[in-house]
Every structure is written in structure tokens, then in C-alpha cells.
Amino acid sequence: MSLGQRFELERQTRDLDVMEDIQELQQMAKQLLLAWQEEIARSRMAVQQVTSNECQG
């Protein structure tokens, strides 16, 4: 993890620590789940592109 990512993780962790509104927490959880699944999809696509290029070359 880069230094910037570590700072962002710390910032978001602190944001979670002070949340008292369950609806706000639920909304954040949904956004994080979506971002996580989108990252998985991008990673799979990148791996497929690399392996496809290796098979062609």
C-alpha cells in the first residue's frame, strides 16, 4: 500500500469511528461494497488482457 493509501485508510477509519447514524453507516458500507466489486472486475479484466497478450505473442 502506498503512503497516500495508508493515510486515506486512516482517515476513513477515523470517520467510521465517529459515526453514530446507522443509515449513514449503511450507505457507506454499500458504497464500499460497490467499489470493492468494481475493483475485482477491473483486476480480472487486466489479468485477462495480460494473459491474452501473452498467448498471442
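For segment 19-33, 3J(HN,Hα) computed residue by residue from phi via the Karplus equation (6.51, -1.76, 1.60; θ = phi - 60°) reads 5, 10, 8, 5, 5, 5, 5, 4, 4, 5, 4, 5, 5, 5, 4 Hz, glycine and proline entered as x. Between S2 and Q23, the modelled label-to-label distance comes to 3.6 nm, taking each label 7 Å out from Cα in the direction of the beta carbon.
Site pair V50 and T13 shows an inter-label distance of 2.8 nm when each label is modelled 7 Å from Cα along Cα→Cβ. From its DSSP helices (H runs of at least four residues, each -39,500 (n - 2.57)), the chain gives a residue-normalised ellipticity at 222 nm of -32000 deg cm²/dmol.
Taking only the alpha carbons of the chain, we obtain Rg and Dmax values of 16.9, 55 Å in that order.
Taking the C-alpha atoms only, the angle from helix 3-18 to the longest principal axis of the chain is near 40 degrees. Rounded to the nearest whole Hz, the Karplus-based 3J(HN,Hα) values (6.51 cos²θ - 1.76 cosθ + 1.60, θ = phi - 60°) of segment 44-51 follow the sequence 4, 5, 5, 5, 4, 5, 5, 5, with x at glycine and proline.
No lab work stands behind these numbers, since they all come straight from the coordinates. What you see is a predicted model; the values in this text were computed from it and never measured. We place every Cβ from the backbone using ideal geometry, glycine too, and count neighbours over all the protein chains shown.
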